[in-house]
1. If you place +1 on the Cβ of every Lys and Arg, -1 on the Cβ of every Asp and Glu, and leave all else neutral, what size is the dipole of the stretch 133-214 about its Cα centre, to the nearest 20 Debye?
2. Go ahead and estimate [θ] at 222 nm for the chain from helices alone: -39,500 (n - 2.57) per DSSP H run with n ≥ 4, summed, over the residue count, rounded to 500.
3. Share of the stretch 5-77's accessible area from carbon and sulfur, percent, 1.4 Å?
4. Quick one: what are the phi-derived ³J(HN,Hα) couplings along the stretch 99-113, Karplus 6.51/-1.76/1.60 with θ = phi - 60°, whole Hz, x for glycine and proline?
5. Counting only heavy atoms of protein chains, what accessible area per residue, in Å², does the stretch 74-214 have with a probe of 1.4 Å?
6. How large is the dipole of the chain about the Cα centre if only Lys and Arg carry +1 and Asp and Glu carry -1, each at its Cβ, rounded to the nearest 20 debye?
7. What residue among Gln154, Gly97, Ser79 has its Cα farthest toward the positive end of the dipole of the chain, where the charges are +1 on Lys, Arg and -1 on Asp, Glu, each on the Cβ?
8. Do you know the Lys pair count in the stretch 82-199 for C-alpha distances under 28 Å, with sequence separation 8 or more or different chains?
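The values are calculated or read from the model by the stated rules, or taken from the named source; none is laboratory data. Because the structure is a prediction, the values reported are computed rather than measured. Counting neighbours? That spans all protein chains shown, and the Cβs are built from the backbone with ideal geometry, glycine included. Accessible surface areas use protein heavy atoms only, side chains included; no ligands, DNA or RNA. Shrake-Rupley method; radii C 1.70, N 1.55, O 1.52, S 1.80 Å.
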Amino acid sequence: MKKLQHLFDSNLKWANQRKQEDPEFFSQLSQQQAPEYLWIGCSDSRVPANQIVNLPPGEVFVHRNIANVVVHTDLNCLSVIQYSVDILKVKHIIVCGHYGCGGIKAAMERDDHGLIDNWLRHIKDVGRFNADQLKGLNDKERMDRLCELNVIEQVSNVCNSSIVQKAWNNGANLTVHGWIYGINNGIIKDLETSISSVEELKKRNHNSHALPEN
């Protein structure tokens with residue numbers, strides 16, 4: 001049986017290094033969890049939430065799935081959102097996609113990918129809803145734009161969830177953001193879709209025909 005000993009060794013090295021830098025790090029970390037941010041991102045191993053915003057453990061509550069999709073039938077994602085909003089009282093929910101996303105690429109293809117095609121259907125719908133914005137683009141431009149449009153759609157889905165709607169109606173200080181990350185340069189781009197209230201959401205829905213473009 002293989003035990004992946006090299007990972008245990010790396011863990012021990014990391015833990016010891018942390019304690020050398022701050023002897024109280026783990027004792028303080030174990031006492032409470034009070035992040036201000038919920039990160040909804042892609043499962044892609046190249047997009048680690050804490051590292052790319054340079055925040056230590058304990059600062060970001062994280063949910064990840066293929067292509068950072070928020071579906072109203074996904075009890076896993078909804079449970080994370082509810083816990084972060086109702087219990088942790090996060091102030092920001094960040095939906096962060098990334099360019100070069102394999103899930104987006106697969107959704108653009110006609111090939112059979114098996115079970116995941118049921119999940120990718122949500123992304124195909126985003127492409128269908130925004131066909132006019134994708135028309136006339138070359139393959140790379142179309143994929144990049146669909147990565148952005150997917151984030152924008154998921155921001156809308158988060159905002160329209162009963163959890164966030166209830167929080168806003170109760171006066172919660174909560175903003176939902178849409179970002180996208182460039183794997184090729186390590187830079188995050190704000191898609192200018194931040195929403196902080198039901199009123200802002202209604203305005204966004206009213207102007208949804210004019211989604212931000214590059």
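1. Numbers: 9 positive and 10 negative charges, 38 e Å.
In debye, rounded to 20, the stretch 133-214 gives about 180.
2. Working: 10 runs with 97 residues, N = 214.
Helix contribution divided over all residues of the chain: -13000 deg cm²/dmol.
3. On the way: 2390 of 4690 Å².
Result for the stretch 5-77: 51 percent of the exposed heavy-atom area is carbon or sulfur.
4. Karplus-based 3J(HN,Hα) across the stretch 99-113 equals 5, x, 5, x, x, 5, 4, 5, 5, 7, 8, 9, 5, 8, 10 Hz.
5. Accessible surface, normalised per residue, equals 54 Å².
6. Numbers: 23 positive and 25 negative charges, 52 e Å.
Value, rounded to 20: 260 debye.
7. Ser79
8. Close lysine pairs under the 28 Å cut-off: 13.
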